[in-house]
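Asker: Let me give you the structure first, and then I'll get to my questions.
Read-outs: derived from the displayed coordinates by stated rules, not from any lab. Remember, it's a predicted structure, so these values are computed and weren't measured experimentally. Backbone-built Cβ (ideal geometry, glycine too); neighbour counts: all protein chains shown.
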Amino acid sequence: MWVESVRVAKNWMESRLKGEDGYSKYMDGEKTFIDEEKIFKTLKENRDPKPARIRSIIDEAIESKECLSLEDCAALLNVKNEELWKEIFQAAGEVKKQVYDNRIVTFAPLYCSNYCVNNCLYCAFRRENSVEIRRRLTLDEIRREVEVLAGMGHKRLITSYGEHPLSDVNYIADTLRAIYSVKVKGGRGEIRRVNVNAAPMTVEELEILRDVGIGTFQVFQETYHRKTYSEVHPPDTIKGNYFWRLYCMHRALEAGVDDVGIGVLLGLFDWRFEVLSLLSHSIELEEKFGVGPHTISFPRLRPAANTPFVQNSAYKVSDEDFMKFIAVVRIAVPYTGMILTAREPEHIRRRVLPLGITQTDFGSKIGIGSYRESYNKQEAKIQQFLLGDTRELDEGIRWLAEMGYIVSFCTAGYRCGRTGVKIMKLLKTGREKIFCKLNAILTFKEYLEDFASEETKRVGEELLEKELKEVKDLVSERTYEKLIEYLSRIEDGERDLYF
Amino acid sequence: MVKGISTSKLEEIAKVIAEEFGISVWFAEVVGRRWSYLAGSVISEPLPSVRFMLDEKLGLVVETDDEKLAETVFDYVRKLIR
């Protein structure tokens with residue numbers, strides 16, 4: 001049985017590697033949009049930037065909300081003066097406020113399968129990790145997990161899968177259908193947007209996910225540095241193909257999935273190089289498709305079962321550098337969403353949230369089947385890594401509200417055509433933040449009505465009052481009246497009202 | 001382009017609606033839950049929007065809180081598209 005399943009997986013892997021390459025057509029001959037030589041040269045040529053130049057870069061970024069040039073971004077990365085870094089941190093927070101205001105979108109991860117044909121050195125799901133207990137959730141098990149998540153009040157999920165024939169595109173599509181079908185608490189508990197973190201796919205496969213209602217398609221390059229990439233992703237695996245992964249968002253956008261999420265795994269290579277690469281990737285997508293990345297993620301390496309690479313990495317990113325990374329990405333790609341996950345412990349989350357984070361998760365369990373079956377503990381042998389923050393959703397929401405952030409469960413954009421070039425324009429003109437605020441208020445109100453503890457409800461209502469005062473100055477009288485009407489309808493039991 | 005209607009034609013229709021009714025509309029390709037922007041107004045006012053299906057793939061979003069007006073615009077757009 002075991003030998004047969006290994007043979008099936010091997011054949012599947014080989015068939016995928018032999019297929020049409022899926023990237024040459026997007027390339028300029030042999031060249032990719034990651035020009036390593038240029039990136040290193042730009043970093044070198046922009047050493048020791050003068051404070052006046054840094055301040056001018058910051059001012060322009062806040063004003064234009066366009067991507068920085070590689071040169072200006074390299075200048076920010078090369079700042080040595082800690083006082084100047086404080087100004088950069090402040091500017092990053094200002095950029096976020098102007099584009100997204102004070103809302104933080106919340107979601108939960110749902111790991112569906114940890115079978116994997118790849119063998120990435122840093123990952124507990126790698127095929128040669130014999131201590132990992134393998135499991136793929138059935139659709140019934142998926143539904144039971146979602147009952148727990150929707151019962152907590154979550155409206156948005158990110159699903160995750162190893163790369164394996166058991167979790168191919170048809171399985172992923174089935175899981176999305178299963179997730180959307182779940183209703184709890186008389187329909188008040190439901191998932192309205194499912195983002196997918198999975199392996200790169202063909203255009204045809206991505207069209208299947210588009211058709212079943214994928215939110216964001218998320219694939220991280222892990223590292224854009226080719227030599228490092230080939231060292232940590234063995235060449236006899238699908239993931240060993242750098243270009244197949246590098247161009248997966250081109251395929252997604254071609255397939256009509258117009259929300260794409262990119263990212264790096266911090267700790268594999270020099271973080272400054274990765275910032276310029278993420279910026280290059282964003283510029284490439286905007287130039288080719290008119291749409292930049294919907295989100296950028298930047299997980300740091302975390303301890304994982306039987307994975308010594310994590311402890312031995314030479315490029316671990318310190319807390320101080322993590323803050324600098326986040327602030328520069330925020331300023332360099334002002335319109336993008338930035339995701340900070342529960343990999344990071346509470347004290348780090350508190351420090352980096354003001355630097356421009358737009359999304360974070362609470363109540364997260366990342367073991368396969370953990371929401372239903374092992375709610376109160378982490379189990380390394382069924383997890384990809386260990387979480388740093390395991391606080392419940394309700395506690396997380398209260399924590400954010402006490403710091404002045406309003407949690408948003410908004411899923412309006414992709415259901416009313418605010419996507420593609422439209423959302424880009426709204427973000428760059430600072431108008432999207434008004435939609436964000438209005439929809440944050442409505443979905444936050446829903447949460448307080450349906451799921452909040454008494455303490456969170458008290459803190460939340462105080463925050464709502466403050467938000468309503470603010471929004472009154474931002475929108476027309478007609479819009480404000482509509483907002484008040486919607487809030488009243490929510491109190492009367494209506495749900496899923498949005499702008 | 002959806003069902004033989006070019007995006008430039010949809011852009012034209014959106015302009016006509018803006019002139020005739022003083023409101024913004026945009027068109028989206030509808031695939032399942034996803035409404036992907038195709039053409040029309042890019043700068044929206046923060047108003048509720050009303051969605052209509054023009055065919056099985058082409059959606060119309062009318063930015064107004066007046067549902068009767070939205071219906072009128074929907075009928076108007078349908079005639080322009082025919």
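Asker: First select every other residue whose beta carbon is under 9 angstrom from the beta carbon of A:SER280; then total the charges, Lys and Arg +1, Asp and Glu -1.
Answerer: Here the count lands on -1.
Asker: Assign unit charges at the C-beta atoms only (+1 for Lys and Arg, -1 for Asp and Glu), then state the dipole size of chain A relative to its Cα centre in Debye, rounded to the nearest 20.
Answerer: I would put it at about 320 debye.
Asker: A follow-up question, please. Taking a quarter of the surface of the convex hull around the Cα atoms of chain B, what do you get in nm²?
Answerer: 4.9 nm²
Asker: Another question, then. Among B:GLY22, B:GLY32, B:LEU10, pick out the residue whose Cα is farthest towards the positive end of the charge dipole of chain B, where Lys and Arg carry +1 and Asp and Glu carry -1 on C-beta, about the Cα centre.
Answerer: Selected residue: B:GLY32.
Asker: For segment A:275-388, list log₁₀ I(q)/I(0) at each q in 0.15, 0.20, 0.23, 0.24 Å⁻¹, using the Debye formula over Cα point scatterers of equal strength and ignoring solvent, two decimals each.
Answerer: Computed log10 I(q)/I(0) values: -0.78, -1.13, -1.25, -1.29.
Asker: Could you give the spread of the C-alpha atoms of segment A:207-254 along their three principal axes, from largest to smallest, in whole angstroms?
Answerer: Extents along the principal axes: 36, 19, 15 Å.
Asker: Taking other Cβ within 10 Å of each residue's Cβ, how do A:ILE214, B:ILE81 sort, fewest first?
Answerer: Taking fewest neighbouring Cβ atoms as first place, the list is B:ILE81, A:ILE214.
Asker: Using all C-alpha to C-alpha distances in segment A:420-491, build P(r) with 5 Å bins and read off the rounded percent in each one.
Answerer: For segment A:420-491, the pair-distance distribution reads 3, 15, 24, 23, 16, 11, 7, 2, 0.
Asker: Taking N as the number of residues in chain A, what value does Rg over Cα atoms divided by 2.2 N^0.38 Å take?
Answerer: With N residues counted in chain A, Rg over 2.2 N^0.38 Å equals 0.94.
Asker: Fewest Cβ neighbours within 10 Å first, please rank A:MET338, A:MET152 accordingly.
Answerer: Listing A:MET338, A:MET152 from fewest to most nearby Cβ atoms yields A:MET152, A:MET338.
Asker: Mind listing the phi-derived Karplus ³J(HN,Hα) values for segment A:327-334, rounded to whole Hz, using 6.51, -1.76 and 1.60 with θ = phi - 60°, and x for any glycine or proline?
Answerer: 5, 6, 4, 4, 6, 6, 10, x
Asker: In a solvent-free Debye calculation with one equal scatterer on each Cα, what is log10 I(q)/I(0) for segment A:61-189 at q = 0.20, 0.21 Å⁻¹, listed in the order of the q values?
Answerer: Here log10 of I(q) over I(0) equals -1.01, -1.07.
Asker: Label segment A:218-333 by shape, choosing from rounded, prolate and oblate, from the square roots a ≥ b ≥ c of the eigenvalues of the Cα gyration tensor; if a/c is under 1.5 it is rounded, and otherwise prolate applies when a/b is larger than b/c, oblate when it is not.
Answerer: Oblate is the answer for segment A:218-333, as a/c is 1.5 or above yet b/c matches or exceeds a/b.
Asker: For all pairs of alpha-carbon atoms in segment A:235-285, what percent lies in each bin of width 5 Å, listed from the first bin to the last filled one?
Answerer: Cα pair-distance distribution for segment A:235-285, in percent: 5, 16, 24, 24, 20, 9, 2.
Asker: Whole Å is fine, so just give me how far the alpha carbon centre of segment A:336-395 lies from that of segment A:465-499.
Answerer: Value for the Cα centre distance between the two parts: 31 Å.
Asker: Between the alpha-carbon centers of segment B:53-82 and segment A:93-155, tell me the distance in whole angstrom.
Answerer: 38 Å
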